[in-house]
Amino acid sequence: MKTRTNTIRNLVVTAMLGAVATVLMALDFSIPFLIPAFVKMDVSELPALLASFSLGPVYGVAVCLIKNVINVFFTTTGGIGEVCNFLLGASFVGVAGLVYRYKKTRLGAVIGALVGAVVMAVVSVPVNYFISYPVYAAMFGGMDKVLAAYEALRPGSDGLLECLLVFNAPFTLVKGLIDAVLTFLIYKPLSPVLHGRR
């Protein structure tokens, strides 16, 4: 009975965090002087990281799935943006949660978040190179237009792979680190709610 109650509570908490993540994903914004405007910054992995640390990595990945499934109905990218967002977010919170699962200390959480952010940054290169950017190029008139947005910031950029390594991977790493910092700031006050303690 207790196990069933815990499972139900975990599912409810996951659904709530998924709803918060959906709202945060909709509040994305551009940083036009650092990266092309079509690459957006958001902190929607924050609720997923909270779920991964408090409930386990599977729940963190589930939060990533919930927010992206809901946002497909409002997409401007034909759904490819949501697919890639899920892959990157799942790699981040999944790895962070796995590390924390085997080292349940504050240091373990820090290490997990750092490793997860690095993994997400690394994964962003092949995901963007093979999945998102070819689709964006087809949707928006060719790869030349995509590369022109990068060349406006860094003249002489040599192809898509270099642009992803110079711009997207560091941007993704910083995005993960921001989510991690925010998580550590609010985790303790929210811990009783997340763990079902009064």
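The values are calculated or read from the model by the stated rules, or taken from the named source; none is laboratory data. Keep in mind that this is a model prediction, so the values were computed, not measured. Every residue, glycine as well, gets a Cβ built from its backbone with ideal geometry; the counts of neighbours run over all protein chains shown. To get the accessible areas, we keep the full protein, side chains included, count just its heavy atoms, and leave off ligands, DNA and RNA. Shrake-Rupley method; radii C 1.70, N 1.55, O 1.52, S 1.80 Å.
Brief remarks on what is shown
- Per-peptide average of other Cβ atoms within 10 Å, ordering 64-70, 34-40 highest first: 64-70, 34-40
- From phi via Karplus (6.51, -1.76, 1.60), per-residue ³J(HN,Hα) for the stretch 123-135 in Hz, x at Gly/Pro: 5, 4, 5, x, 4, 6, 5, 9, 10, 6, 5, x, 5
- Listed residue (Gly89, Ala137, Tyr100) projecting farthest to the positive dipole end of the stretch 53-145, Cβ model: Tyr100
- Lys, Arg +1 and Asp, Glu -1 on Cβ, resulting dipole of the chain about Cα centre, debye, nearest 20: 1320
- Multiplying the residue separation of Ala15 and Phe38 by 0.36 nm and subtracting their alpha-carbon distance yields 5.4 nm.
- Within the same chain, aspartates and glutamates fewer than 8 places from Lys175 are excluded, and of the rest, those with a Cα less than 14 Å from its Cα are Asp28, Asp42, Glu45.
- Rounded to whole Hz, the Karplus (6.51, -1.76, 1.60) HN-Hα couplings of the stretch 41-48, x for glycine and proline: 9, 8, 10, 6, 7, 4, x, 5
- Coupling constants for the stretch 142-151 follow from the phi torsions by the Karplus curve (6.51 cos²θ - 1.76 cosθ + 1.60, θ = phi - 60°), and in residue order they are x, 5, 4, 5, 5, 5, 4, 5, 6, 5 Hz; glycine and proline get x.
- Mean Cβ neighbour count within 10 Å, used as a protection proxy, ranking 43-56, 18-31, 138-151 highest first: 43-56, 18-31, 138-151
- Aspartates and glutamates with Cα under 17 Å of Lys145, excluding same-chain neighbours fewer than 8 positions away: Asp158, Glu162
- Rolling a 1.4 angstrom probe over the protein heavy atoms with all chains in place gives the stretch 117-198 an accessible area of 55 Å² per residue.
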